[in-house]
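What follows is one structure encoded as structure tokens, with my remarks underneath.
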Amino acid sequence: MRARSTRLVLWVAIAWTWHASIARAHPGIDRARALVEDADFAGALSALAELEASGALTRAELVSLLDVRAAAQFALGADDGLRATLLALVSLEPTYRMAPVAPPALRNELDRARARVAGPIRAHARAEATDRGWIVRAGAGDDPAGLAREIRIHARRDDGAAWSEHRGDSLAIDAPSSASLRFYAVVVGPGGAPIASAGSRESPLVASRVLATAGSGEPPSAGLGATGWIAIGGGAALLVAAAVVTLVVVSNGARDTRVDPPVFE
């Protein structure tokens, strides 16, 4: 244990130089780092738990917290906790790298965790037309570490209404049939950190419905029933069922968003 701790303290001093921009992200992280450098690993874990409970972390700060936690857990031989922490790290940052001088045993654990992750945690959200307006459903995907703590849905009608926020995986919005909807969803992780999103306040997802007839004169496809239009973000309209119109949106991580084709249920 003592030899392991001594090697770790030396590695930590170099590793945090490697991750300098992350290590200085939060004063609480620096405090925990100092405790690790003083070989007070239990104290470092306690400080990190207190910081996580504050509920005010950013995504980058959460990555930094997990980075420090992994070092302390490795030094204490807390292997189960270490595996969970490394899985959380690579779920947030699949390309996360340790310093080249990291102990081989720790690097091996990181590689095993990475093999369990298909990609970064993602958020998905969709709006479905209803008789009274819209219902937005959202959730998290690719989350083997179970990082998702809460889903927050934000939505507003395009008729001057204010943004509304709902904590949960679905939100019903009353709206006239002519009103389109702007919405986005955020997955909140440990420490209150936003860890993935589908859309954003600055670039929301958009769903609109306008009753129309088929311009080609051809009958609708089997199972579609009455016809209507859904516009995605002001782009091309697609002929779909007026009763059930579903917009599916998938986002990888907190930065990249892609729009998949509509799904009809």
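From the list Ser91, Ser164, exactly one residue is among the hydroxyl-bearing types (Ser, Thr, Tyr) and surrounded by fewer than 18 Cβ atoms within 10 Å (Cβ to Cβ). Which is it? Steps first, please.
Details: Ser91 fails: surrounded by fewer than 18 Cβ atoms within 10 Å (Cβ to Cβ).
Of Ser91, Ser164, the one residue that is among the hydroxyl-bearing types (Ser, Thr, Tyr) and surrounded by fewer than 18 Cβ atoms within 10 Å (Cβ to Cβ) is Ser164.
Taking (1) surrounded by fewer than 18 Cβ atoms within 10 Å (Cβ to Cβ); (2) under 30 Å from Ala47 (Cβ atoms) in turn, Ser178 satisfies each apart from (2).
State all residues of the range 95-109 that are part of a loop (DSSP other than H, G, I, E, B) and in contact with a helix residue (DSSP H, G or I) (Cβ under 7 Å, 6 or more places away or on another chain); if no residue qualifies, say none. If you could, list the steps in order and put the result at the bottom.
Applying the first criterion (part of a loop (DSSP other than H, G, I, E, B)) to the range 95-109 yields 95-103.
Listed by number, the residues that qualify are Tyr96, Met98, Ala99, Val101, Ala102, Pro103.
When Asp143 is tested against (1) acidic (Asp, Glu); (2) farther than 29 Å from Gly81 by Cβ; (3) part of a loop (DSSP other than H, G, I, E, B); (4) within 23 Å of the chain's Cα centre (by Cα), only condition (2) is not met.
Looking only at residues that are without any contact (Cβ under 8 Å) to a residue 60 or more places away in the chain and charged (D, E, K, R) in the range 115-141, which one is nearest to Ala179 (Cα to Cα)? Only one residue fits best here, namely Arg132. You will find that of Arg69, Arg83, Arg112, the residue that is within 23 Å of the chain's Cα centre (by Cα), assigned to a helix (DSSP H, G or I) and buried (at least 22 other Cβ atoms within 10 Å of the Cβ) is Arg69 and no other. On inspection, Arg209 fails the criterion of being of a type outside the set (Ser, Thr, Tyr) and not in a strand (DSSP E or B).
Coordinate-derived values only; no laboratory data. All values derive from a computational prediction rather than experimental measurement. Heads up, the Cβs are rebuilt from the backbone with ideal geometry, glycines too, and the neighbour counts pull from every protein chain shown.
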